[in-house]
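The values are calculated or read from the model by the stated rules, or taken from the named source; none is laboratory data. Keep in mind it's a predicted model, so treat the numbers as computed, not measured. All Cβ positions, glycine included, derive from the backbone under ideal geometry; neighbour counts span all protein chains shown. Remember, those area values only see protein heavy atoms, side chains included, never the ligands or the DNA or RNA. Shrake-Rupley method; radii C 1.70, N 1.55, O 1.52, S 1.80 Å.
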Amino acid sequence: MAEDRSHRDDLQRDNEALRAQNEELRRELAELRRALAQPEPRDEPSPGALPPDPGPGAEKRTPRGGAPSDDVDVLRAVLEAAPMLLFAKDAGGRYILANGYFLSWARLAWGDVAGKTDHEIFPKERADTFRTSDLEVLTTGRTLSWDEGDVSPDGQLHHFAVLKFPLRDAAGAVRGVCGVSTDITSYKRAEAKNQELQAEIIRAQERSLRALSTPLLPIAKGVLVMPLIGDIDQRRAQSALEVLLGGIVAHGARRVILDITGVPAVDADVANALVKTAQAVGMLGATVILTGIQPKIAETLVELGADLSGLVTRSTLESGIAHALKG
């Protein structure tokens with residue numbers, strides 16, 4: 001019992017640690033989505049357009065403060081360094097921006113993408129899917145977000161959190177679509193592992209509860225006692241039968257005492273389960289001794305017409321043990 005309790009405690013601690021990790025990953029993902037959904041306002045350039053590099057020696061744009069600024073260069077560096085797929089298309093679906101991560105993922109150069117549509121770059125089925133979501137953003141002016149799986153060019157499955165939002169001109173009219181896809185594969189794998197561990201913990205808990213709710217006690221050579229306490233439904237009756245049959249084989253038992261002193265009521269299902277248990281135990285060459293039958297239960301069994309001919313019945317556990325030891 002001490003080992004079972006220690007095992008359950010270890011499983012519970014593991015489950016709590018994984019749940020905390022899962023919640024942290026969910027929180028980080030939610031914060032990232034909120035950040036991506038709320039781009040900071042900019043004076044220039046118009047939303048979605050990245051001005052061309054003015055080249056060395058060119059005059060830098062000066063902000064309102066009057067000091068020289070290289071904010072366009074910074075923006076370009078941020079786009080290239082961002083560990084996510086960033087792209088923008090005009091209203092016709094032609095690419096006007098794609099960062100290095102996007103091009104690396106697609107294994108393409110900017111010259112393979114610039115000014116082209118998805119149907120000129122990707123297989124038709126994928127291109128149709130991309131265009132459908134683009135058109136929804138263009139026509140509704142709303143931001144879309146979803147999770148999806150995608151196979152990389154090297155054949156590995158990755159999971160992405162996808163965000164698409166409209167690009168608007170100075171007058172507020174939708175002029176294109178911008179997309180951000182964040183790789184959440186590690187989060188998905190951690191989530192799957194957490195679910196597997198939770199399932200294993202549940203299975204272990206069920207095994208422990210089953211053992212606790214249907215204890216099997218060897219009291220003498222060839223004699224087993226199974227005390228049943230509380231309500232018995234079909235599932236618990238089936239569990240008790242499985243434990244009992246396994247115990248008979250493991251201990252080489254010839255007599256099994258089923259004590260139902262702690263069972264408050266017996267219905268047709270329980271009565272049938274008792275008969276089924278007696279028959280199954282008899283097939284293994286053992287005998288069932290049913291003890292603890294209360295007057296109310298005895299009356300119910302008679303009314304149900306339960307055939308208990310395959311069982312030996314005794315009023316108390318003590319008398320049942322005495323009968324078993326005599327044999």
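Scanning segment 104-113 for residues that are exposed (fewer than 14 other Cβ atoms within 10 Å of the Cβ), of a type outside the set (S, T, N, Q) and free of Cβ contacts under 8 Å to residues at least 40 places away in the same chain, we see that the one that is nearest to PHE87 (Cα to Cα) is TRP110.
When LEU258, LEU241, LEU325 are checked against the criterion of being in contact (Cβ under 8 Å) with a residue 12 or more places away in the chain, closer than 13 Å to VAL225 by Cβ and under 45 Å from the mean Cα position of the chain (by Cα), a single residue qualifies: LEU258.
Could you list, in sequence order, all residues of segment 141-160 that are closer than 29 Å to ALA173 by Cα and open to solvent by 60 Å² or more (accessible area, probe 1.4 Å)? Listed by number, the residues that qualify are ARG142, THR143, SER145, TRP146, ASP147. With the condition kept exactly as written, say whether any residue in segment 114-130 is within 23 Å of ASP183 (Cβ to Cβ), open to solvent by 40 Å² or more (accessible area, probe 1.4 Å) and touching a helix residue (DSSP H, G or I) at 6+ places or on another chain (Cβ under 6 Å). Yes, there is a match, as at least one residue in segment 114-130 is within 23 Å of ASP183 (Cβ to Cβ), open to solvent by 40 Å² or more (accessible area, probe 1.4 Å) and touching a helix residue (DSSP H, G or I) at 6+ places or on another chain (Cβ under 6 Å). Which residues, counting only those in segment 172-204, are open to solvent by 30 Å² or more (accessible area, probe 1.4 Å) and at pLDDT 90 or above? The answer is GLY172, ALA173, VAL174, ARG175.
With a cut-off of at least 1 residues that are among the aliphatic types (A, V, I, L, M), within 23 Å of HIS323 (Cα to Cα) and modelled with pLDDT of 85 or more, name the helices (runs of 4 or more DSSP H) lying wholly within segment 209-311. Can you show your working first?
Details: elements: 234-251, 268-283, 295-304.
Where helices (runs of 4 or more DSSP H) fall fully within segment 209-311 and carry at least 1 residues being among the aliphatic types (A, V, I, L, M), within 23 Å of HIS323 (Cα to Cα) and modelled with pLDDT of 85 or more, they are 234-251, 268-283.
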